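A quick write-up on the structure given underneath.
Each value in this text was obtained by applying a stated rule to the coordinates, not by laboratory testing. Since this is a predicted model, take the numbers as computed values, not measurements. Cβ sites come from the backbone with ideal geometry, for glycine too, and all protein chains shown count toward neighbours.
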Amino acid sequence: MSEKIITLSVPIQHGTQTLSELSLRKPLARDLRGFSWQELTKFNVLEELLAKLSGLPLSVIGTLDCADYFACLKVLNDFLLSSPETGVSA
């Protein structure tokens, strides 16, 4: 799964467009550069990461309804923590 579409319960504005869906791509290692694991629990850092993964400005991400924001965080969590282990041998 390299991309996930989230249907927004409350559409958001991006310029003249009204967005009813948000597309998040799976993060790459470089997307996490500059963030510590502790910072990934802070909302402002998570907003920055969502902006990076959606290709939308931070100001637009900030207008998400709370329920939609948490739906995006769940997708982000699934991307970061639900992958099969790699590099592990028995």
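Across the stretch 15-20, computed HN-Hα scalar couplings (Karplus, 6.51 cos²θ - 1.76 cosθ + 1.60, θ = phi - 60°) run x, 8, 8, 9, 9, 9 Hz from first to last residue, x flagging Gly and Pro.
Between I5 and D78, what's the calculated FRET efficiency when r is the beta-carbon distance and R0 is 22 Å? Round to 0.05. Walk me through the numbers before you get to the answer.
Details: r = 13 Å, r/R0 = 0.60.
Efficiency for this residue pair is about 0.95.
Stretching the chain fully between F43 and K26 yields a gain of 4.3 nm (0.36 nm per residue, less the alpha carbon separation). Give the angle, between 0 and 90 degrees and rounded to the nearest 10, that separates the Cα long axis of helix 43-54 from the longest principal axis of the Cα atoms of the chain. Tilt of helix 43-54: around 90 degrees.
Using packing as a proxy for protection, rank 38-44, 67-73 so that the peptide with the highest average count of other Cβ atoms within 10 Å comes first.
Numbers: 38-44: 10.7, 67-73: 16.4.
Averaged packing, sorted descending, gives the order 67-73, 38-44.
If a spin label sat at a point 7 angstrom from the Cα of Q17 along the line to its beta carbon, the backbone N atoms of the stretch 61-82 nearer than 18 Å would be those of 61-65. Taking other residues whose beta carbon is less than 12 angstrom from the beta carbon of E3, and scoring Lys, Arg as +1 and Asp, Glu as -1, yields +2. Principal-axis analysis of the Cα atoms of the chain puts helix 66-81 at an angle of about 20° to the longest axis. Report, in deg cm²/dmol and to the nearest 500, the calculated mean residue ellipticity at 222 nm for the chain, where each DSSP H run with n ≥ 4 adds -39500 (n - 2.57) and the sum is divided by the residue count. The helix-only estimate for the chain comes to -10500 deg cm²/dmol at 222 nm.
Using only the Cα atoms of the chain, construct the convex hull and provide its projected area averaged over every direction, in square nanometres to one decimal.
On the way: hull surface 26.2 nm².
The directionally averaged projection comes out at 6.5 nm².
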